[in-house]
Amino acid sequence: MAGPWTALPRNFAAEIRKERETLAAEIIREIRQQVPEFSRPLAGNFGAGIQYGVETALAEFADLVEGSGGRTNGQSQVNGQSRVNGQSRVNGHSGERALTDERVRVYRALGRGELAEGRSLDALQAAYRLGARVAWRRYARVARRVGLGPDLVVTLAEAIFAHIDEIAYASVQGYTEAKADQAGAQGKLRHQLLELLVAGAQRPEVERAAAAADWPLPERIAGVALGPLSLGRPASGPSSSGPLSPGSPESGRRRRLPDPVLADFDDPEPFLLVPELFLTDSQVRWALRGRAAAIGPVVPLELAADSLRWARTVRATELANLVPADEPLTCDERLPELLLLGDAPLVRLMAARRLGPLAPLTAKQSDRLAATLLAWLQTNSGSAPEVAARLGIHPQTARQRLHRVQELFGQDLHDPDARFELEVALRGRLLLPPEPQPAA
């Protein structure tokens, strides 16, 4: 489709070119006065980019008028219309491509520059609109001076704003491309940082990687082990800022995490590393819903790998079933259990040695007396009423069971070391699944 500038007479280009130098200065002055983001001195690459962008836009508009429509040799202007050999000519050749590749690069560079300056495109778009209004006022005066008819004056306004729309679109493309490039490069750097943290790298190496990835070093952090997504979990949610892990298949479907959260959903055991301040963030909590997640202990940054290891240890056990699927298990509240899970074979060995008196009993008897002994060890005075209250049974029943426990364990109940090992063994009995028995 032909641009509106194709209806303008070609010789009008020479008239507006005479205005370019002073018009460029006026546009830049107005932009600096009315757009706060551009009010600083136009020095260095910043100033050169703005100056060159304005001059390029004005030159290109004149080129469009001259090259796309209007009169050739022998034309005359009559009442705002162009004539060629007596024929009325309003539309020239189509000019479907308004911006040349070289000039598109200029406008894309302006968009990229806005991202590099840490701004959104709002300021640049405001500058474009302001520049178009200033240009229109100047060109309208030129049009009246050269006798351009009313219809073509209207077309001139349409052409100016259509041209600025194309420039703005090119800048949006440049901004978007730069943002994608930045996200891709930053994503790779953050993934490298993630690998260093999980590998337990030394602090200086982590600091260098964090600086390269533009990741603010937190004082304390927690590893989060993620389970598979449950069927009842929503597949998507309202989008928000912050990246997911590079190349994550979930990045298009999951609610985005806060920027400081590092994530790897592609790992065979997907996980997050979450700075302490973001553990209560609604976006993080939303991401954990329905994932049977375990949040490792909050630790200094140097222990991030340990926090994740502990979270994975807890998530792989039946502890993960003790909380609803839409609530994560918090290891900070389960440190004793975490200690026991750290060396399951040793805990089982201790149980085999200390809980031997329960072996001859039936499974039901063994479970009852094990629960009674653990309750007795965990009460203040070990009285029958306290044990009964803890187990939810009648005090007389508790006395009978405690008597049987005394018969089975004897002097071990009065030895502090034996009592400690008994409690470890009994807690481990509840935490760890029974070992598979060899076939007969």
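The values are calculated or read from the model by the stated rules, or taken from the named source; none is laboratory data. None of these values were measured; they are calculated from a predicted model. Here the Cβ is made from the backbone with ideal geometry for all residues, glycine too, and neighbour counts use every protein chain on show. With ligands, DNA and RNA removed, areas are computed over all heavy atoms of the protein, side chains included. Shrake-Rupley method; radii C 1.70, N 1.55, O 1.52, S 1.80 Å.
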Practice item. Please specify each residue of segment 404-425 satisfying the condition of being under 14 Å from Ala351 (Cα atoms) and either of a type outside the set (Asp, Glu) or in contact with a His (Cβ under 7 Å, 6 or more places away or on another chain) (or both). Key: Phe409, Ala418, Arg419, Phe420, Leu422, Val424, Ala425
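Please go through segment 265-278 and give me each residue that is in contact (Cβ under 8 Å) with a residue 24 or more places away in the chain and either surrounded by fewer than 21 Cβ atoms within 10 Å (Cβ to Cβ) or on the phi > 0 side of the Ramachandran plot (or both), ordered by number.
Phe265, Glu269, Pro270, Glu276, Leu277
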Revision key, fill the gap. The one condition Leu413 fails out of (1) open to solvent by 40 Å² or more (accessible area, probe 1.4 Å); (2) assigned to a helix (DSSP H, G or I) is (1)
Practice item. Run Ala140 past the list (1) more than 19 Å from Thr22 (Cα to Cα); (2) open to solvent by less than 50 Å² (accessible area, probe 1.4 Å) and report the number of the one that doesn't hold. Key: (1)
**Study point:** Pair list, Cβ < 9 Å and 6+ apart or interchain, from segment 177-206 residues that are in a helix (DSSP H, G or I) to residues that are among the hydroxyl-bearing types (Ser, Thr, Tyr) and open to solvent by less than 70 Å² (accessible area, probe 1.4 Å)
**Key:** Gly187/Ser245; Arg190/Ser245; His191/Ser245; Leu194/Ser245
Exercise for review: For segment 153-210, name all the residues that are over 30 Å from Ala62 (Cβ atoms), over 20 Å from the mean Cα position of the chain (by Cα) and either crowded, with 18+ Cβ neighbours inside 10 Å or of a type in the set (A, V, I, L, M, F, W, C) (or both).
Suggested key: Ala199, Ala201, Val206
Practice item. Could you check, for segment 72-95, whether at least one of its residues is of a type in the set (D, E, K, R), at pLDDT below 90 and part of a loop (DSSP other than H, G, I, E, B)? Key: no
Study note, to complete from the structure: If you go through Leu369, Leu374, Leu361, the only one that is at pLDDT 90 or above, of a type outside the set (S, T, N, Q), farther than 30 Å from Pro270 by Cβ and not in a helix (DSSP H, G or I) is Leu361
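Yes/no matrix, rows are residues, columns are (1) within 30 Å of Ala344 (Cα to Cα); (2) modelled with pLDDT of 85 or more; (3) open to solvent by less than 30 Å² (accessible area, probe 1.4 Å):
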residue	(1), (2), (3)
Leu226	yes, yes, yes
Ala263	yes, yes, yes
Asp281	no, yes, no
Ala287	no, no, yes
Val299	yes, yes, yes
Arg312	yes, yes, no
